[in-house]
Amino acid sequence: MIESVNVTKKFGDLTALNDLSLKINKNEIFGIVGPNGAGKTTFIRIVCGILSPTSGTVYIDNIDIRKDDADLKRRIGYLPEEPNLYMRPTAYELVKYFADLYGVSKDLFEERAEELFRLVGLYDRRNSKVESFSKGMRQKLAFVRALIHDPEILIFDEPTMGLDPATSKSIRDFILEYSKDKTVVVCTHYMEEADYLCDRIGVLNNGKLVTSGTPGELKTLIKKENIFEIEVENPEKVIKNLKDIKIIKFKGDKIIVSCSYKELGELLKSSEGIIGIHSKIPTLEDVFIELTK
Ligand SMILES: Nc1ncnc2c1ncn2[C@@H]1O[C@H](COP(=O)(O)OP(=O)(O)OP(=O)(O)O)[C@@H](O)[C@H]1O
Ligand SMILES: [Mg+2]
């Protein structure tokens, strides 16, 4: 659905994107993660047609974005990193203004505005002025503004930045609920968010795609050793049988070790008093730090 082909973007001497090629499939939620300054927002702004690449291009549904196709732009809903909202109008008036810009008919507007305001939980406040809204309410309003014309490609730049855990969760659930049958690109610094939302994730660093894959695939990338947490009744007895198994640390009645599955099997046969064994799986945060250090 979205294909970036050798996209380079330079700002003077600075190369923000360096020969970036990637494909985002129809109806998937694709996450972009990477350190500050990695080029995430630059990429997103190129996809939305706000910035032009220095070289290379992006195809959306096989249409070259360099064509500056107004119909194509109408198929995109963009939530910017810092949504600049007009403060004076009411939430309803603001959304109506953008619906008019997109040529949404009056009936369709009323129907969609009600649906979206209800979905984000702002329906009762739709007639309040934007200036009276809290940060979280403004972010929710920015979603309504971005989606009022029923776009099929949704591009969200850090949708939950600076929001409290409950508001962030309601926004994530909204994205999941709303994104069925849509293609979604989401930039985030929150690894649990990427894990929770995304079908696939691309890791950007210094304007380059370091790797991409499902959250599960990325986690196996850095699984160099098997780490197990062994719950024991009597640590003394088990320690005697550890032999070559490397102890990482003791945590109360648990021993964290690094070993192969074979060594673990032998330990199980030879030791009494093992109550449980848990395999420790790396988190996406571990992956992020490993790949972008
Ligand atoms: N309009 C601009 N003029 C000059 N340099 C820019 C411009 N926009 C971005 N850059 C530079 O391009 C690089 C990538 O910036 P970008 O905003 O894409 O990063 P990001 O990955 O979105 O970072 P963050 O996580 O902080 O939002 C940075 O070095 C930034 O300073
Ligand atoms: Mg950014």
### Query
Which net charge results for the neighbourhood of GLY162, defined as the other residues with beta-carbon distances under 15 angstrom from its beta-carbon, given Lys and Arg at +1 and Asp and Glu at -1?
-1
### Task
Provide the three semi-axes, in whole Å and in decreasing order, of the ellipsoid equivalent to region 2-221 as defined by the square roots of 5 times the Cα gyration tensor eigenvalues.
29, 20, 16
### Summary
At the level of C-alpha centres, the distance separating region 182-209 and region 13-49, in angstrom, is 10
### Query
Whole-Hz Karplus ³J(HN,Hα) for region 60-77, in order, using 6.51 cos²θ - 1.76 cosθ + 1.60 and θ = phi - 60°, x for Gly and Pro?
10, 6, 6, 9, 6, 5, 5, 6, 6, 7, 4, 5, 5, 4, 5, 7, 10, x
### Query
Under the definition of Cα pairs under 8 Å and six or more residues apart, what whole-number percent is the relative contact order of the chain?
21
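Run through region 43-85 and list the trypsin sites (Lys or Arg not before Pro) located in a DSSP loop whose Cβ has at most 16 other Cβ atoms within 10 Å. Let's see the in-between values first.
On the way: sites: ARG45, ARG66, LYS67, LYS73, ARG74, ARG75; in loops: ARG75.
Filter output for region 43-85: ARG75.
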### Cut-off under 5 Å, modelled amide H: who pairs with TYR78 long-range
ILE155
### Query
Which helices count as membrane-span-like in the chain under these terms: full DSSP H, at least 20 Å along the axis by C-alpha, Kyte-Doolittle mean of -1.0 or more?
106-120
### Summary
Bridge orientation stat for the chain from DSSP, antiparallel percent rounded to 5, came to 70
### Summary
Beyond 15 Å, the calculated P(r) of region 172-236 holds a percent of Cα-Cα pairs equal to 65
### Task
Hey, can you grab everything whose amide H is under 5 Å from the amide H of THR57? Only 5+ residues off in sequence or another chain; H modelled, so Pro and N-termini drop out.
VAL5, VAL7
#### Entry: Amide proton proximity set for LEU209, modelled H, under 5 Å, gap of 5+
SER21
#### Entry: region 36-90: C-alpha gyration tensor shape, a/c 1.5 cut-off, then a/b vs b/c
oblate
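Taking a threshold of 29 Å on the Cα-Cα distance, which of the pairs LYS96/LYS182; LYS96/LYS135; LYS140/LYS280; LYS208/LYS262; LYS73/LYS180 fall above it?
Values: LYS96/LYS182 23 Å; LYS96/LYS135 21 Å; LYS140/LYS280 36 Å; LYS208/LYS262 39 Å; LYS73/LYS180 20 Å.
Cα-Cα > 29 Å for LYS140/LYS280; LYS208/LYS262; rest within.
Every number here is computed from the coordinates shown, using simple stated rules; none is lab data. Source: prediction; values computed, not measured. Every residue, glycine as well, gets a Cβ built from its backbone with ideal geometry; the counts of neighbours run over all protein chains shown.
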